[in-house]
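Student: If you scroll down you'll find the structure; I have some questions about it.
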Amino acid sequence: MIAKELVNTMVPPLKGSDKGYKALRWMEELRLNQLPVLADDQFLGFVDSDDIFDEELLDKKISDIPLIGSNCVVEENQHFYEVVKTASDCDTEMVAVVDSEGKYLGIITISDTFNAFSQSAAVQNPGGVLVMSMPQIDYSLNELSRLIESDNGKIISLNVSEDPKDAMRVIVTLKLNLQDMSRIIATLERFGYNIISVFQEKNTVENSKDRYGLLMKFLDI
């Protein structure tokens, strides 16, 4: 799933000429803490409710209020994993989406990405999650698949990221189709793989907090 498929058209952007009280009223109606600000279809950043309250800027124009997240932007064809990572890096509750020419198309809220992720195979299919740390040179998807399939397992989803503690190592996160992964864990450890975390999942993810936790574990961000 890509960003343009997740654009939320129900969140209106603000203009620099709008007042702080208007922004707060919209935020209250939409149950949001941030709103996007535009100028000539170009995204400028987000205005945050805390900044309006703290600076007592209710009667001030949005152009006079400090904005956040001016770089919290993804292009329309980027995968929704990148949307979540961008929001995490920016520490915002939404991400702006632009086309290839930088024209604003809309926003994606974190809850939108939760809903998208909850419909993906990584959540819908029952199973478990394994997290491993290994030297970059030792990473081989073919070898991992061979070992896992030898114990009747299948890799549903996979994510590889740099180990924040060692640039020469990678963190490999696997979603498998088995809830009982004991045999697979034993096989991987026998072949020298370092398993650092194991997550057993329920068949369904019950709420946004659960979806967020699973998504962060899977993406390792």
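Student: Cut-off 18 Å, label point 7 angstrom out along Cα-to-Cβ of GLU101: give me the residues of the range 9-29 whose amide nitrogen falls inside.
Tutor: Within reach of a label on GLU101, which here means backbone N under 18 Å from a point 7 Å along Cα→Cβ, the range 9-29 contributes nothing.
Student: Another question, then. Listing ASP64, ASP112 from the residue with the fewest other Cβ atoms within 10 Å to the one with the most, what is the order?
Tutor: Neighbour counts put them in this order, fewest first: ASP64, ASP112.
Student: Assuming R0 = 22 Å, what is the FRET efficiency of GLU82 and ASP40, from their Cβ-Cβ distance, to the nearest 0.05? Please report the intermediate quantities before stating the final value.
Tutor: Numbers: r = 26 Å, r/R0 = 1.17.
It comes to 0.30.
Student: So for ARG169, ARG190, fewest C-beta neighbours within 10 Å to most, what's the order?
Tutor: Numbers: ARG169 18, ARG190 9.
If I rank by nearby Cβ atoms, fewest first, I get ARG190, ARG169.
No value in this document is a laboratory result; all are computed from the given coordinates. As the structure is a computational prediction, the values presented were derived from the model and not from experiment. Ideal geometry is used to build each Cβ from the backbone, glycine not excepted, and the neighbour counts take in all protein chains shown.
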